[in-house]
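Read through the structure below, which is laid out as C-alpha coordinates, and then see the notes.
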Amino acid sequence: MLWATAAVVTLGFLIALEIAARHYGLPGPITTQVQEVVLAPKSGFLLYASMGLMMVVLTWRQRFIAAGAAIGIDITFSLVRWAADVKVTEGHPFGNGALWVMLGCAVIAVTRRTGQERVLLLKGVGLGLLLVAGRKTGDTWLLITSKTRPAVLDQYVATADHALGNPSWLVGRIVTATGPVGARFLDYVYTQLAVAAVIVALYQLRNVAVERRFPGHHLVRTFLVIGLLGPGMYMIYPVVGPIFAYGADGGHWAVANLWPDTPPPIGTPHHMPFDEITPRNCMPSLHTAWATAIFIHSRKGPRILRFAGAFWLIATLGATLGFGYHYGADLVAGVVFTLTIEAALRSLERGWDRSGIQLVAYGATVFAALLVSYRYLSVEMAGHPWVFGPLLILAMTSVVYGYVRTTKLWEPKAGPAGQPEPQPELV
(Lines give C-alpha, C1' and ligand atoms only; values in the text may rest on other atoms or scores of the structure.)
Protein backbone atom coordinates (compact mmCIF):
# COMPACT_ATOMS: atom_id res chain seq x y z
CA MET A 1 0.00 0.00 0.00
CA LEU A 2 2.86 2.42 0.83
CA TRP A 3 4.59 1.77 -2.49
CA ALA A 4 1.30 2.08 -4.40
CA THR A 5 0.54 5.39 -2.68
CA ALA A 6 4.05 6.66 -3.45
CA ALA A 7 3.62 5.66 -7.11
CA VAL A 8 0.31 7.52 -7.41
CA VAL A 9 1.69 10.64 -5.70
CA THR A 10 4.79 10.59 -7.91
CA LEU A 11 2.72 10.23 -11.07
CA GLY A 12 0.47 13.12 -10.02
CA PHE A 13 3.50 15.26 -9.25
CA LEU A 14 5.05 14.51 -12.66
CA ILE A 15 1.79 15.35 -14.44
CA ALA A 16 1.55 18.66 -12.56
CA LEU A 17 5.11 19.58 -13.54
CA GLU A 18 4.40 18.56 -17.14
CA ILE A 19 1.43 20.91 -17.24
CA ALA A 20 3.45 23.72 -15.66
CA ALA A 21 6.28 23.29 -18.18
CA ARG A 22 3.84 23.23 -21.12
CA HIS A 23 2.38 26.48 -19.80
CA TYR A 24 5.76 28.08 -20.56
CA GLY A 25 6.04 26.40 -23.95
CA LEU A 26 8.65 23.78 -22.98
CA PRO A 27 8.51 19.99 -22.60
CA GLY A 28 8.09 18.66 -19.08
CA PRO A 29 9.71 15.70 -17.32
CA ILE A 30 7.39 13.06 -18.84
CA THR A 31 7.96 14.28 -22.39
CA THR A 32 11.74 14.51 -22.05
CA GLN A 33 11.90 11.01 -20.55
CA VAL A 34 9.77 9.53 -23.33
CA GLN A 35 11.99 11.21 -25.91
CA GLU A 36 15.06 9.45 -24.49
CA VAL A 37 13.59 6.10 -25.48
CA VAL A 38 14.76 6.97 -29.01
CA LEU A 39 16.71 10.25 -28.92
CA ALA A 40 20.18 10.69 -27.42
CA PRO A 41 19.80 10.97 -23.63
CA LYS A 42 21.01 13.96 -21.67
CA SER A 43 23.08 11.73 -19.38
CA GLY A 44 23.92 8.20 -20.42
CA PHE A 45 25.92 7.74 -17.23
CA LEU A 46 22.83 8.45 -15.14
CA LEU A 47 20.74 5.94 -17.08
CA TYR A 48 23.31 3.19 -16.63
CA ALA A 49 23.65 4.10 -12.94
CA SER A 50 19.87 3.85 -12.62
CA MET A 51 19.92 0.45 -14.31
CA GLY A 52 22.61 -0.57 -11.82
CA LEU A 53 20.22 0.32 -8.98
CA MET A 54 17.47 -1.73 -10.58
CA MET A 55 19.77 -4.75 -10.90
CA VAL A 56 20.17 -5.11 -7.13
CA VAL A 57 17.01 -7.25 -7.22
CA LEU A 58 18.39 -9.55 -9.96
CA THR A 59 20.58 -12.62 -9.72
CA TRP A 60 24.11 -12.46 -11.13
CA ARG A 61 23.03 -14.34 -14.25
CA GLN A 62 20.15 -11.92 -14.81
CA ARG A 63 22.49 -8.97 -14.26
CA PHE A 64 24.87 -10.14 -16.98
CA ILE A 65 21.96 -10.67 -19.35
CA ALA A 66 20.54 -7.20 -18.58
CA ALA A 67 23.90 -5.46 -18.97
CA GLY A 68 24.61 -7.30 -22.23
CA ALA A 69 21.18 -6.39 -23.59
CA ALA A 70 21.67 -2.71 -22.71
CA ILE A 71 25.07 -2.57 -24.39
CA GLY A 72 23.74 -4.41 -27.44
CA ILE A 73 20.81 -2.00 -27.80
CA ASP A 74 23.17 0.99 -27.51
CA ILE A 75 25.43 -0.45 -30.21
CA THR A 76 22.40 -0.93 -32.45
CA PHE A 77 21.29 2.67 -31.86
CA SER A 78 24.79 3.92 -32.68
CA LEU A 79 24.88 1.93 -35.93
CA VAL A 80 21.46 3.23 -36.95
CA ARG A 81 22.50 6.83 -36.22
CA TRP A 82 25.71 6.30 -38.18
CA ALA A 83 23.85 4.81 -41.14
CA ALA A 84 21.30 7.64 -41.09
CA ASP A 85 24.09 10.23 -40.63
CA VAL A 86 22.46 11.53 -37.43
CA LYS A 87 24.91 13.57 -35.34
CA VAL A 88 24.60 13.64 -31.55
CA THR A 89 25.10 17.31 -30.73
CA GLU A 90 23.68 17.30 -27.20
CA GLY A 91 23.80 14.68 -24.48
CA HIS A 92 25.45 11.27 -24.78
CA PRO A 93 25.38 8.76 -27.66
CA PHE A 94 24.62 5.95 -25.20
CA GLY A 95 22.11 5.23 -22.45
CA ASN A 96 19.02 4.31 -24.48
CA GLY A 97 19.82 0.64 -23.92
CA ALA A 98 19.75 1.03 -20.14
CA LEU A 99 16.34 2.73 -20.32
CA TRP A 100 14.99 0.00 -22.62
CA VAL A 101 16.18 -2.70 -20.21
CA MET A 102 14.48 -1.02 -17.24
CA LEU A 103 11.22 -0.70 -19.15
CA GLY A 104 11.56 -4.30 -20.32
CA CYS A 105 12.01 -5.50 -16.75
CA ALA A 106 8.81 -3.66 -15.80
CA VAL A 107 6.95 -5.52 -18.56
CA ILE A 108 8.44 -8.85 -17.41
CA ALA A 109 7.40 -8.13 -13.82
CA VAL A 110 3.79 -7.55 -14.85
CA THR A 111 3.49 -10.39 -17.38
CA ARG A 112 5.87 -13.12 -16.14
CA ARG A 113 6.17 -12.69 -12.36
CA THR A 114 3.72 -13.21 -9.53
CA GLY A 115 3.50 -12.52 -5.81
CA GLN A 116 6.56 -11.26 -3.97
CA GLU A 117 8.83 -11.75 -6.99
CA ARG A 118 6.69 -9.36 -9.02
CA VAL A 119 6.64 -6.80 -6.20
CA LEU A 120 10.40 -7.00 -5.71
CA LEU A 121 11.18 -6.57 -9.41
CA LEU A 122 8.74 -3.65 -9.69
CA LYS A 123 10.40 -2.03 -6.68
CA GLY A 124 13.79 -2.38 -8.38
CA VAL A 125 12.49 -0.86 -11.62
CA GLY A 126 10.77 1.91 -9.68
CA LEU A 127 13.97 2.69 -7.80
CA GLY A 128 15.93 3.06 -11.04
CA LEU A 129 13.28 5.10 -12.81
CA LEU A 130 12.81 7.35 -9.77
CA LEU A 131 16.45 8.40 -9.99
CA VAL A 132 15.97 9.33 -13.65
CA ALA A 133 12.65 11.05 -12.92
CA GLY A 134 14.31 13.02 -10.13
CA ARG A 135 16.77 14.47 -12.63
CA LYS A 136 13.98 15.37 -15.06
CA THR A 137 11.77 16.96 -12.43
CA GLY A 138 14.75 18.95 -11.18
CA ASP A 139 15.29 20.42 -14.64
CA THR A 140 11.61 21.40 -14.83
CA TRP A 141 11.67 22.92 -11.35
CA LEU A 142 14.64 25.08 -12.33
CA LEU A 143 12.70 26.34 -15.34
CA ILE A 144 9.73 27.21 -13.13
CA THR A 145 11.91 29.15 -10.67
CA SER A 146 13.36 31.28 -13.46
CA LYS A 147 9.92 32.06 -14.87
CA THR A 148 8.02 32.71 -11.66
CA ARG A 149 10.61 34.54 -9.54
CA PRO A 150 11.64 37.67 -11.47
CA ALA A 151 13.47 39.19 -8.45
CA VAL A 152 16.33 37.52 -6.57
CA LEU A 153 17.83 37.97 -3.09
CA ASP A 154 21.51 37.70 -3.98
CA GLN A 155 22.40 41.07 -2.47
CA TYR A 156 21.14 39.92 0.93
CA VAL A 157 23.05 36.62 0.84
CA ALA A 158 26.23 38.26 -0.51
CA THR A 159 26.09 40.82 2.30
CA ALA A 160 25.53 38.13 4.93
CA ASP A 161 28.41 36.14 3.41
CA HIS A 162 30.86 38.78 4.66
CA ALA A 163 30.44 37.15 8.07
CA LEU A 164 32.01 34.00 6.62
CA GLY A 165 34.81 35.83 4.83
CA ASN A 166 33.31 35.68 1.30
CA PRO A 167 34.42 32.07 0.71
CA SER A 168 33.15 31.94 -2.87
CA TRP A 169 35.49 34.76 -3.85
CA LEU A 170 38.42 33.12 -2.05
CA VAL A 171 37.90 29.62 -3.47
CA GLY A 172 37.09 31.09 -6.88
CA ARG A 173 40.53 32.69 -7.05
CA ILE A 174 42.14 29.40 -5.97
CA VAL A 175 40.33 27.41 -8.67
CA THR A 176 41.21 30.03 -11.28
CA ALA A 177 44.88 29.77 -10.26
CA THR A 178 44.84 25.97 -10.83
CA GLY A 179 44.06 26.54 -14.51
CA PRO A 180 41.95 24.34 -16.80
CA VAL A 181 43.12 21.06 -15.23
CA GLY A 182 41.76 21.84 -11.79
CA ALA A 183 38.56 23.30 -13.23
CA ARG A 184 37.87 20.24 -15.39
CA PHE A 185 38.52 17.91 -12.47
CA LEU A 186 36.11 19.74 -10.16
CA ASP A 187 33.54 20.01 -12.94
CA TYR A 188 33.57 16.23 -13.38
CA VAL A 189 33.06 15.72 -9.63
CA TYR A 190 30.26 18.29 -9.62
CA THR A 191 28.33 16.88 -12.58
CA GLN A 192 28.66 13.19 -11.67
CA LEU A 193 27.30 13.50 -8.14
CA ALA A 194 24.38 11.17 -8.89
CA VAL A 195 26.78 8.47 -10.07
CA ALA A 196 28.68 8.73 -6.77
CA ALA A 197 25.39 8.34 -4.93
CA VAL A 198 24.58 5.21 -6.90
CA ILE A 199 27.93 3.66 -5.93
CA VAL A 200 27.16 4.14 -2.23
CA ALA A 201 23.57 2.96 -2.73
CA LEU A 202 24.74 -0.18 -4.52
CA TYR A 203 26.87 -1.05 -1.51
CA GLN A 204 23.92 -0.53 0.84
CA LEU A 205 21.60 -2.61 -1.37
CA ARG A 206 24.12 -5.36 -2.17
CA ASN A 207 22.15 -8.04 -0.27
CA VAL A 208 18.71 -7.33 -1.71
CA ALA A 209 18.91 -10.14 -4.29
CA VAL A 210 19.74 -12.67 -1.56
CA GLU A 211 17.43 -11.43 1.19
CA ARG A 212 14.62 -10.62 -1.32
CA ARG A 213 13.79 -7.39 0.47
CA PHE A 214 15.05 -3.80 0.67
CA PRO A 215 16.58 -2.35 3.85
CA GLY A 216 14.40 0.01 5.84
CA HIS A 217 16.51 3.09 5.05
CA HIS A 218 19.12 3.80 2.37
CA LEU A 219 20.72 6.68 0.50
CA VAL A 220 18.28 6.76 -2.41
CA ARG A 221 15.42 7.71 -0.08
CA THR A 222 17.36 10.69 1.28
CA PHE A 223 18.51 11.69 -2.20
CA LEU A 224 14.99 11.77 -3.59
CA VAL A 225 13.47 13.65 -0.64
CA ILE A 226 16.21 16.30 -0.88
CA GLY A 227 15.41 16.71 -4.57
CA LEU A 228 11.69 16.92 -3.84
CA LEU A 229 11.83 19.51 -1.04
CA GLY A 230 14.82 21.58 -2.20
CA PRO A 231 13.16 23.29 -5.18
CA GLY A 232 10.37 24.42 -2.86
CA MET A 233 13.01 26.38 -0.94
CA TYR A 234 14.15 27.90 -4.24
CA MET A 235 10.67 29.30 -4.72
CA ILE A 236 10.69 30.79 -1.21
CA TYR A 237 14.25 32.12 -1.34
CA PRO A 238 15.31 32.76 -4.99
CA VAL A 239 19.07 33.24 -5.44
CA VAL A 240 21.10 32.84 -8.66
CA GLY A 241 24.66 32.74 -7.30
CA PRO A 242 27.75 34.98 -7.33
CA ILE A 243 28.92 34.15 -10.86
CA PHE A 244 25.60 35.47 -12.18
CA ALA A 245 24.74 38.25 -9.73
CA TYR A 246 28.32 39.55 -9.44
CA GLY A 247 30.12 38.01 -12.41
CA ALA A 248 30.44 38.10 -16.16
CA ASP A 249 27.87 35.32 -16.66
CA GLY A 250 25.14 37.63 -15.43
CA GLY A 251 25.62 40.08 -18.29
CA HIS A 252 23.83 43.38 -17.84
CA TRP A 253 21.68 41.86 -15.08
CA ALA A 254 24.68 41.58 -12.74
CA VAL A 255 25.33 44.21 -10.08
CA ALA A 256 28.90 44.50 -11.36
CA ASN A 257 31.62 42.23 -12.72
CA LEU A 258 33.29 41.54 -9.36
CA TRP A 259 33.54 37.76 -8.99
CA PRO A 260 36.05 36.32 -8.08
CA ASP A 261 38.58 39.17 -7.88
CA THR A 262 36.79 41.80 -5.80
CA PRO A 263 34.41 41.00 -2.92
CA PRO A 264 31.18 43.01 -3.10
CA PRO A 265 31.11 46.20 -1.00
CA ILE A 266 28.95 46.32 2.09
CA GLY A 267 25.84 48.37 1.50
CA THR A 268 22.09 48.26 1.89
CA PRO A 269 20.85 45.16 0.00
CA HIS A 270 17.77 45.18 -2.20
CA HIS A 271 15.72 42.81 -4.28
CA MET A 272 17.22 42.80 -7.76
CA PRO A 273 15.49 41.82 -11.03
CA PHE A 274 17.07 39.08 -13.10
CA ASP A 275 16.50 37.31 -16.42
CA GLU A 276 13.94 34.57 -17.02
CA ILE A 277 16.58 31.98 -17.96
CA THR A 278 18.97 31.58 -15.01
CA PRO A 279 17.66 29.11 -12.39
CA ARG A 280 17.17 30.42 -8.85
CA ASN A 281 18.79 27.31 -7.39
CA CYS A 282 21.17 28.41 -4.64
CA MET A 283 19.43 28.51 -1.27
CA PRO A 284 20.09 25.96 0.07
CA SER A 285 22.88 24.34 -1.94
CA LEU A 286 21.42 20.99 -2.98
CA HIS A 287 24.79 19.78 -4.30
CA THR A 288 26.11 20.32 -0.78
CA ALA A 289 23.04 18.60 0.63
CA TRP A 290 23.44 15.56 -1.64
CA ALA A 291 27.21 15.36 -1.04
CA THR A 292 26.55 15.50 2.71
CA ALA A 293 24.06 12.64 2.36
CA ILE A 294 26.65 10.60 0.45
CA PHE A 295 29.18 11.29 3.21
CA ILE A 296 26.75 10.21 5.95
CA HIS A 297 25.73 6.98 4.23
CA SER A 298 29.31 6.03 3.33
CA ARG A 299 30.42 6.02 6.99
CA LYS A 300 29.45 2.38 7.55
CA GLY A 301 31.11 1.11 4.40
CA PRO A 302 34.64 -0.19 3.89
CA ARG A 303 37.59 2.18 4.14
CA ILE A 304 37.72 2.95 0.42
CA LEU A 305 34.02 3.90 0.42
CA ARG A 306 34.46 6.11 3.48
CA PHE A 307 37.41 7.80 1.80
CA ALA A 308 35.40 8.30 -1.41
CA GLY A 309 32.48 9.81 0.53
CA ALA A 310 34.75 12.29 2.30
CA PHE A 311 36.55 13.12 -0.94
CA TRP A 312 33.29 13.74 -2.83
CA LEU A 313 32.01 16.03 -0.09
CA ILE A 314 35.20 18.12 0.01
CA ALA A 315 35.49 18.29 -3.78
CA THR A 316 31.81 19.23 -4.16
CA LEU A 317 32.17 22.05 -1.64
CA GLY A 318 35.21 23.28 -3.55
CA ALA A 319 33.35 23.14 -6.86
CA THR A 320 30.19 24.88 -5.64
CA LEU A 321 32.25 27.77 -4.27
CA GLY A 322 35.06 27.75 -6.81
CA PHE A 323 32.77 27.95 -9.83
CA GLY A 324 30.76 30.76 -8.26
CA TYR A 325 27.56 28.74 -8.13
CA HIS A 326 26.99 29.28 -4.41
CA TYR A 327 27.73 31.55 -1.48
CA GLY A 328 29.13 30.18 1.77
CA ALA A 329 25.77 30.81 3.43
CA ASP A 330 24.15 28.38 0.96
CA LEU A 331 26.50 25.61 2.05
CA VAL A 332 25.79 26.12 5.75
CA ALA A 333 22.06 25.93 5.06
CA GLY A 334 22.55 22.86 2.84
CA VAL A 335 24.25 20.87 5.60
CA VAL A 336 21.50 21.68 8.12
CA PHE A 337 18.85 20.89 5.48
CA THR A 338 20.28 17.40 4.86
CA LEU A 339 20.76 16.45 8.50
CA THR A 340 17.17 17.43 9.27
CA ILE A 341 15.80 15.34 6.39
CA GLU A 342 18.04 12.40 7.27
CA ALA A 343 16.90 12.55 10.90
CA ALA A 344 13.24 12.63 9.82
CA LEU A 345 13.63 9.64 7.48
CA ARG A 346 15.48 7.59 10.08
CA SER A 347 12.82 8.45 12.68
CA LEU A 348 10.11 7.42 10.22
CA GLU A 349 11.85 4.09 9.63
CA ARG A 350 12.48 3.23 13.30
CA GLY A 351 9.38 4.85 14.78
CA TRP A 352 9.03 8.38 16.08
CA ASP A 353 10.13 8.99 19.65
CA ARG A 354 11.03 12.02 21.73
CA SER A 355 14.68 12.14 20.62
CA GLY A 356 13.73 11.97 16.93
CA ILE A 357 11.08 14.66 17.23
CA GLN A 358 13.44 16.95 19.13
CA LEU A 359 16.24 16.49 16.58
CA VAL A 360 14.02 17.17 13.57
CA ALA A 361 12.38 20.17 15.26
CA TYR A 362 15.74 21.61 16.22
CA GLY A 363 17.17 21.15 12.73
CA ALA A 364 14.11 22.75 11.12
CA THR A 365 14.29 25.67 13.56
CA VAL A 366 17.98 26.30 12.84
CA PHE A 367 17.36 26.08 9.09
CA ALA A 368 14.50 28.60 9.28
CA ALA A 369 16.60 30.88 11.52
CA LEU A 370 19.42 30.83 8.95
CA LEU A 371 17.11 31.89 6.12
CA VAL A 372 15.51 34.63 8.21
CA SER A 373 18.89 35.97 9.38
CA TYR A 374 20.26 36.06 5.82
CA ARG A 375 17.25 38.10 4.76
CA TYR A 376 16.75 40.49 7.69
CA LEU A 377 20.11 40.62 9.51
CA SER A 378 22.52 40.62 6.57
CA VAL A 379 23.80 44.16 7.20
CA GLU A 380 24.44 43.45 10.87
CA MET A 381 26.16 40.18 9.96
CA ALA A 382 28.48 41.95 7.53
CA GLY A 383 29.21 44.69 10.06
CA HIS A 384 30.13 42.26 12.85
CA PRO A 385 31.74 39.27 11.12
CA TRP A 386 33.69 38.14 14.20
CA VAL A 387 30.39 37.71 16.03
CA PHE A 388 28.05 36.35 13.37
CA GLY A 389 30.58 34.21 11.51
CA PRO A 390 31.29 31.95 14.50
CA LEU A 391 27.57 31.96 15.34
CA LEU A 392 26.71 30.58 11.89
CA ILE A 393 29.34 27.86 12.17
CA LEU A 394 28.23 27.11 15.74
CA ALA A 395 24.60 26.79 14.64
CA MET A 396 25.55 24.32 11.90
CA THR A 397 27.90 22.42 14.22
CA SER A 398 25.20 22.12 16.88
CA VAL A 399 22.93 20.35 14.38
CA VAL A 400 25.80 18.07 13.34
CA TYR A 401 26.54 17.27 16.99
CA GLY A 402 22.88 16.68 17.77
CA TYR A 403 22.54 14.34 14.80
CA VAL A 404 25.66 12.32 15.64
CA ARG A 405 24.78 12.09 19.34
CA THR A 406 21.15 11.11 18.77
CA THR A 407 21.73 8.59 15.98
CA LYS A 408 24.49 6.96 18.01
CA LEU A 409 21.91 6.27 20.72
CA TRP A 410 19.68 4.71 18.06
CA GLU A 411 22.30 2.15 17.06
CA PRO A 412 21.54 -1.36 18.32
CA LYS A 413 23.72 -2.25 21.23
CA ALA A 414 25.57 -5.53 21.21
CA GLY A 415 24.59 -7.89 23.99
CA PRO A 416 27.10 -9.04 26.59
CA ALA A 417 29.30 -11.88 25.48
CA GLY A 418 28.25 -15.19 26.97
CA GLN A 419 30.52 -16.79 29.56
CA PRO A 420 31.85 -20.24 28.64
CA GLU A 421 30.49 -23.10 30.71
CA PRO A 422 33.01 -24.51 33.22
CA GLN A 423 34.52 -27.75 31.99
CA PRO A 424 35.47 -30.61 34.32
CA GLU A 425 39.18 -31.02 34.76
CA LEU A 426 40.96 -34.27 34.27
CA VAL A 427 42.43 -35.64 37.49
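Rounded if a/c is under 1.5, else prolate if a/b beats b/c, else oblate: with a ≥ b ≥ c from the C-alpha gyration tensor eigenvalues square-rooted, which is segment 1-135?
Oblate.
Between residue 117 and residue 151, how many nm apart are label points set 7 Å from Cα along the C-beta direction?
It works out to 6.2 nm between the two label points.
Compute, for residue 45, the solvent-accessible surface of its heavy atoms (probe 1.4 Å) with the complete set of protein chains present, and express it in square angstrom to the nearest 10.
Approximately 90 Å² for this residue.
Just to confirm, what accessible area per residue do you get for the chain at 1.4 Å probe, in whole Å²?
51 Å²
What range in the chain is the longest one free of trypsin sites (Lys or Arg not before Pro) that are in a loop by DSSP and have at most 13 other Cβ atoms within 10 angstrom?
With trypsin sites (Lys or Arg not before Pro) excluded where exposed in loops, the chain gives 88-205 as its longest stretch.
Top to bottom by accessible area (1.4 Å), largest first, where do 287, 271, 297 land?
The residues order as 271, 287, 297, largest area first.
Top to bottom by accessible area (1.4 Å), largest first, where do 199, 108 land?
Ranking 199, 108 by accessible area, largest first, yields 199, 108.
Report the charge-dipole magnitude of segment 247-309 in Debye, nearest 20, computed about the Cα centre from +1 at each Lys and Arg Cβ and -1 at each Asp and Glu Cβ.
720 debye
List the lysines whose alpha-carbon lies under 18 Å from that of residue 300, not counting same-chain residues fewer than 8 positions away?
Hits, sequence-local ones excluded: 408, 413.
For the chain, with all protein chains present and a 1.4 Å probe, just round the carbon and sulfur fraction of the accessible area to a whole percent.
Of the solvent-accessible surface of the chain, carbon and sulfur hold 69 percent.
With every protein chain left in place, what is the accessible area of residue 355 in Å² (1.4 Å probe, nearest 10)?
40 Å²
Please say if the chain is rounded, prolate or oblate, where rounded means a/c under 1.5 for a ≥ b ≥ c the square roots of the C-alpha gyration tensor eigenvalues, and otherwise the choice is prolate for a/b larger than b/c and oblate otherwise?
Cα axes put the chain in the oblate bin.
Using the Cα centre of the chain as the reference point, and only Cβ charges (+1 on K/R, -1 on D/E), how large is the resulting charge dipole? Debye, rounded to the nearest 20.
I would put it at about 1120 debye.
Within the chain, which complete DSSP H helices have Cα atoms spanning at least 20 Å along the helix axis and a mean Kyte-Doolittle hydropathy of 0.0 or higher?
Helices passing the filter in the chain: 2-23, 60-83, 96-112, 115-148, 167-191, 219-236, 303-322, 328-350, 354-376, 385-410.
Whole angstrom only: what separates the Cα centroid of segment 87-117 from the Cα centroid of segment 334-377?
Between the Cα centres of segment 87-117 and segment 334-377 lies a distance of 37 Å.
At 222 nm, what helix-only mean residue ellipticity would the chain give, in deg cm²/dmol to the nearest 500, using -39500 (n - 2.57) for each DSSP H run of four or more?
-23000 deg cm²/dmol
Can you compute the FRET efficiency between residue 277 and residue 304 using 1/(1 + (r/R0)^6), with r the Cβ-Cβ distance and R0 = 41 Å? Round to the nearest 0.05.
0.50
The values are calculated or read from the model by the stated rules, or taken from the named source; none is laboratory data. In this text, all values refer to a predicted model and were calculated from it rather than measured experimentally. Note: ideal-geometry Cβ built from the backbone for every residue, glycine included; neighbour counts use all protein chains shown. Please note that ligands, DNA and RNA were not included when accessible areas were found on the heavy atoms of the full protein model with its side chains. Shrake-Rupley method; radii C 1.70, N 1.55, O 1.52, S 1.80 Å.
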